[in-house]
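See structure below.
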Amino acid sequence: MAALSQVREVKAGFSEQKELASLTTPLESRGTLVYVAPDHLEKRTREPVAEQVVVDGDWLTYAKPADDTHFTMSLSRTPELRGLVEAVRGTLAGDLAGLRRYYAVDFTGTAAAWELTLVPTDSRMQDVLQTVRIDGRGADLHRIETVEADGDVSRMTIEPAAR
């Protein structure tokens, strides 16, 4: 966490597979993640459809240009979503105390190769999210796996970060 807290900015590519119970094949996407300390996070998807999620402080903005969708919302009004955002943002920030506000945190491994397992402690989050597992190497996130309460799974692989 100490190494992560020293990182001020990260830009990395990602590929993601989402396994949804309602679909026979996983959904695949690719794009770019951007983190700027202390609380700016962007997920820019370019394939298969362009969309962008930007989190600045308490505000999340979503945009999908193809169908002109655009909205902004306060994370404090949607604690389930805030908890999911904080799993990634808190890890990138090296904010263990922040992660513990939302999750029971388990750490295994070494500084060179580690895994965080985050289990929601809030009942509203538990209704949506079962676990988040984040694998890393040093100050780089390598993989994020999200298991939702309904069994849907998302696996994001992150390319080595540019700083």
- Message: Under 5 Å between amide hydrogens, which residues at least 5 positions from T121 or on another chain qualify, with H placed 1.01 Å from N in the peptide plane?
- Response: Y103, A104
- Output ³J(HN,Hα) for the range 66-74: one whole-Hz value per residue in order, computed from phi by the Karplus curve 6.51 cos²θ - 1.76 cosθ + 1.60 with θ = phi - 60°, and x for Gly and Pro. 4, 10, 6, 7, 7, 8, 10, 9, 8
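If you roll a 1.4 Å probe over the range 38-136 with all protein chains in place, what percent of the accessible area is carbon or sulfur?
Working: 2860 of 5320 Å².
Taking all protein chains in place, the range 38-136 shows 54 percent carbon and sulfur surface.
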- Query: Classify the range 1-90: rounded, prolate or oblate, from the alpha-carbon gyration tensor (a ≥ b ≥ c, eigenvalue square roots; a/c under 1.5 rounded; otherwise prolate if a/b is larger than b/c)?
  - Reply: prolate
- Task: Provide the per-residue ³J(HN,Hα) series for the range 140-157, in order, calculated from phi with Karplus coefficients 6.51, -1.76, 1.60 and θ = phi - 60°, each as a whole number of Hz, with x at glycine and proline positions.
- Result: 10, 7, 10, 8, 10, 10, 10, 10, 7, 4, 7, x, 5, 10, 10, 10, 10, 9
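Give me the accessible area per residue for the chain, probe 1.4 Å, as a whole number in Å². Kindly include the intermediate steps, with their values, before the conclusion.
On the way: 8880 Å² over 163 residues.
Computed with neighbouring chains in place, this is 54 Å² per residue.
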- Message: What's the ranking of 43-52, 26-35 by average number of surrounding C-beta atoms within 10 Å, highest first?
- Response: 26-35, 43-52
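If contacts are Cα pairs under 8 angstrom and at least 6 residues apart, what is the relative contact order of the range 15-67 in percent?
Values: 92 pairs, mean separation 11.6, N = 53.
Relative contact order for the range 15-67 comes out at 22 percent.
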- Sorted by accessible area with a 1.4 angstrom probe, largest first, how do K11, K64 fall? K11, K64
- Which whole-Hz ³J(HN,Hα) couplings does the range 48-63 yield from phi under the Karplus relation 6.51 cos²θ - 1.76 cosθ + 1.60, θ = phi - 60°, glycine and proline marked x? x, 9, 5, 7, 9, 10, 10, 10, 10, x, 8, 10, 10, 10, 10, 9
- Only helices counted: for the chain, with every DSSP H run of 4 or more residues adding -39500 (n - 2.57) and the sum spread over all residues, [θ] at 222 nm is -5000 deg cm²/dmol
- Let a ≥ b ≥ c be the square roots of the eigenvalues of the Cα gyration tensor of the range 112-163; is it rounded (a/c under 1.5), or, if not, prolate (a/b larger than b/c) or oblate? prolate
- Inter-part distance where the range 8-27 and the range 56-94 are each reduced to a Cα centre, Å: 16
- Read-out Cα extents along the principal axes in Å, derived from the coordinates shown; its label in (1) 46, 41, 31; (2) 43, 36, 32; (3) 45, 30, 24: (2)
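The values are calculated or read from the model by the stated rules, or taken from the named source; none is laboratory data. Computed from a predicted structure; not experimentally measured. Note that we place each Cβ from the backbone using ideal geometry, even for glycine, and neighbour counts take in every protein chain shown. Please note that ligands, DNA and RNA were not included when accessible areas were found on the heavy atoms of the full protein model with its side chains. Shrake-Rupley method; radii C 1.70, N 1.55, O 1.52, S 1.80 Å.
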